[in-house]
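J.: Pasting a structure here, questions to come.
The values are calculated or read from the model by the stated rules, or taken from the named source; none is laboratory data. No experiment lies behind these values; they were computed from the predicted model shown. When we count neighbours, we look across all protein chains shown, and the Cβ atoms used for this are built from the backbone with ideal geometry, even at glycine. Note: areas computed on protein heavy atoms with side chains; ligands, DNA, RNA excluded. Shrake-Rupley method; radii C 1.70, N 1.55, O 1.52, S 1.80 Å.
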Amino acid sequence: MTQQELLALSREPAFAEGSPTERLLVEKQGPIGWLTFNNPARRNAVSIDMWEAIPKALDRFEQDPQIRVIVLKGEGDKAFVSGADVSQYEKQRSSAEGIQHYEEIAVRVQERLQECDKVVIAMIRGYCLGAGVNISLCCDLRLAAEDARLGIPAAKLGLGYRASSLKNLVDTVGPAYAREVLLTGRQFSAEEAKTMGLVHRVVPVAGLESLVVETCAMISDNAPLTIRASKRIVRELLKANPAFDAAACTALVKQCFESEDYIEGRRAFMEKRKPVFQGR
């Protein structure tokens, strides 16, 4: 499917009964699943109900064989996600029990995003701070507009960051840049973020949606089993020994070579045509 064909398709609700919360819009557009953080009054800060709805949205997208790519974005033009909703901290995140509950919810979302077998893209405009950076680091690709501002201001709030989130940051940008991000708490421009590897691409604001849709079109034409194997093997490679499962990686590669898609890919190459992959 071409970029133009994708853009011609309308978006429709992914849940017939409505999204799990009005602050998280869940829509589908051909092979794209759109997940929109919809809290513009607070620059799309993530509230408890939004955290709890994310796994449900991902479940729906993964169960839909038509969906090949999932895009996370913020409503409006001010922010992707400006962080967790600090207005809820006093009530939801001040006691030991509240902090533990909040951490469990956030960890569940982090793990669910990282374990998703479908490609997940963060479409970043405006502020991407704190929880926004953490969420984006769980995505496979981070595509940003020139107006993006990224940072983790934890040191300015006095809160601690879980090791699993910091590992994602260190794995992505390396320990030197990770220290700068965490110790200064400052906001980085989109170009600075690209230099350190925090985002993959930076384009003018007007070109961001086209870049995202073009990337989705490219990915949706590729072999799903190869994508799944690639994602799972990368996850294994990032694990510390002895957690790395070499046998599982070998089995994933074997499954690709034994698939109908591999036969289709070979034949299409020889016949000089575009392959049509079915994920089988």
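J.: For region 125-241, list the helices (runs of 4 or more DSSP H) that sit wholly inside it and hold at least 3 residues that are among the acidic types (Asp, Glu), buried (at least 17 other Cβ atoms within 10 Å of the Cβ) and touching a strand residue (DSSP E or B) at 6+ places or on another chain (Cβ under 8 Å); which are they? Give the steps one after another, and end with the answer.
T.: On the way: elements: 131-137, 154-157, 163-184, 190-196, 208-220, 224-237.
By residue number, no helices (runs of 4 or more DSSP H) qualify.
J.: Find all pairs meeting these conditions: Cβ atoms under 9 angstrom apart; at least six residues apart or on different chains; first residue within region 241-257 and closer than 9 Å to residue 229 by Cβ; second residue of a type in the set (A, V, I, L, M) and open to solvent by 60 Å² or more (accessible area, probe 1.4 Å).
T.: 249/237
J.: Looking at region 247-280 only, could you name the residues that are small (Gly, Ala, Ser) and farther than 21 Å from residue 217 by Cα? Don't jump to the end; show me each part of the working.
T.: Filtering region 247-280 down to residues small (Gly, Ala, Ser) leaves 247-248, 251, 259, 265, 268, 279.
Scanning region 247-280 gives 247, 248, 251, 259.
J.: Here's something else I'd like to know. Determine the pairs where a residue that is within 20 Å of residue 225 (Cα to Cα), located within region 268-279, has a partner that is in a loop (DSSP other than H, G, I, E, B) and open to solvent by less than 100 Å² (accessible area, probe 1.4 Å) with Cβ atoms under 6 Å apart, the partner being 6 or more residues away or on another chain.
T.: 268/275; 277/223
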